[in-house]
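Here the structure comes first, spelled out in structure tokens, and everything after it is commentary.
All of the numbers you see were taken from the coordinates with simple rules; none came from a lab. Worth saying up front: this structure is predicted, and the values here are computed from it rather than measured. Backbone-built Cβ (ideal geometry, glycine too); neighbour counts: all protein chains shown.
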Amino acid sequence: MESPRDTAVFNVAFQALPAVFCEQSPDCALILGSGWGDALAPEKLLARIPYADIPGLGSSTVAGHAGELLLCMLEGRRVAAFCGRHHWYEGYGWTPVVLPVELIRRIGCRTLLITNAAGGIRRTLRPGSVLSLADHINLTGLSPLTGPTVPGWGARFPDQTAVYTPRLRDRLQNAAHVIGLDLTEGVYAFSPGPAYETPAEIRALAALGADVVGMSTVPEAMVACAAGIAVAAVSCITNMAAGTGGCALSHADVIAEMQRVQPQLASLIRGFVRCCP
């Protein structure tokens, strides 16, 4: 049975944020996945707080996740950036997974960009390809919305027709065009992890219409959408999924590929943030 999120922790976590987070609502929030935090180059740092100092969040346990929340200026915009994330497979329940989204909601931010590293399923994708999420597949039976209704998260049965906001997807495409990045769109399949998928599972996901697969993003996007936050999400393909690339899969290779493509990822983030109203 899945472990529900501890909503009592949300108030305590919010109270732990430095006062500067509530002085003015950020123009944009970022949840930066494996290796993406290194692509953030703020012009001015307004506040920094380690995850370990935020009750309910705790230190990151996965390589490539710095585990700190920044409030900064980027491209002239006020940005709250969660550098690193928690995953369901870490075994701490939904609280640390969705807490960043609840904090984003409480500080009044209405725009969220979620990033991740993913395995490529679609044959035209290669390591280094970047994909904007148009939709997702969650057949895990896991949902962060399980449990008592949370005030501020909207209807008990939220519509999931457009989890990834079309106008933000257009914003991503425009930012990619400016820097000459080929940004495709596709469907992300959520896997609970921590093991990579089997070749048979990848064939099944491909038949269902998945283009990439990963172990994050979908829970955060589901909660943000339910809470009325506009969401965009980007995957950097760091490896081909099991049975499609002929190579053994490793997290070390994921981080290495993220470091290789870091400059273009940084440019994409800046371009997206620059277009925030």
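Rank the residues 89, 164, 196 as a footprinting-exposure proxy: fewest other Cβ atoms within 10 Å of their Cβ go first. Display every interim value, and only then the final one.
Details: 89 14, 164 21, 196 18.
By the 10 Å Cβ count, ascending: 89, 196, 164.
Among the DSSP beta bridges whose two residues both lie in region 26-140, what percent are antiparallel, rounded to the nearest 5? Numbers along the way, then the final one.
Working: 13 of 21 bridges.
Bridges in region 26-140 are about 60 percent antiparallel.
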Over the chain, the sum of -39500 (n - 2.57) across DSSP H runs of at least four, divided by residue number and rounded to 500 deg cm²/dmol, gives at 222 nm -8500 deg cm²/dmol
So, with points 7 Å from each Cα along the Cβ direction, the residue 53-residue 250 label distance in nm works out to 3.6 nm
Among 181, 277, 262, the residue whose Cα sits farthest towards the positive end of the charge dipole of region 152-277 (+1 at Cβ of Lys and Arg, -1 at Cβ of Asp and Glu, taken about the Cα centre) is 277
Counting only DSSP beta bridges fully inside region 80-239, the antiparallel percentage to nearest 5 is 20 percent
Cβ-Cβ cut-off under 10 Å around residue 191, Lys and Arg +1, Asp and Glu -1: the net charge is -2
Dividing the mean separation of Cα pairs under 8 Å (6+ apart) by the residue count of region 102-186 yields a relative contact order in percent of 45 percent
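Neighbour counts of other C-beta atoms within 10 Å: give me 218, 97, 178 arranged from fewest to most.
Values: 218 26, 97 21, 178 14.
With the sparsest Cβ surroundings first, the list reads 178, 97, 218.
Can you tell me the relative contact order of the chain? Whole percent, Cα pairs under 8 Å, sequence separation 6 or more. Display every interim value, and only then the final one.
On the way: 583 pairs, mean separation 72.0, N = 277.
Rounded, it is 26 percent for the chain.
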Region 102-117 and region 1-32 have their Cα centres apart by a whole-number Å value of 9 Å
Note on region 142-221: contact order normalised by length, alpha-carbon pairs under 8 Å, 6 or more apart, percent, works out to 32 percent
Taking 132, 235 and counting other beta carbon atoms within 10 angstrom, the fewest-first order is 132, 235
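In the chain, what % of DSSP beta bridges are antiparallel (nearest 5)?
Working: 18 of 46 bridges.
The antiparallel proportion sits near 40 percent.
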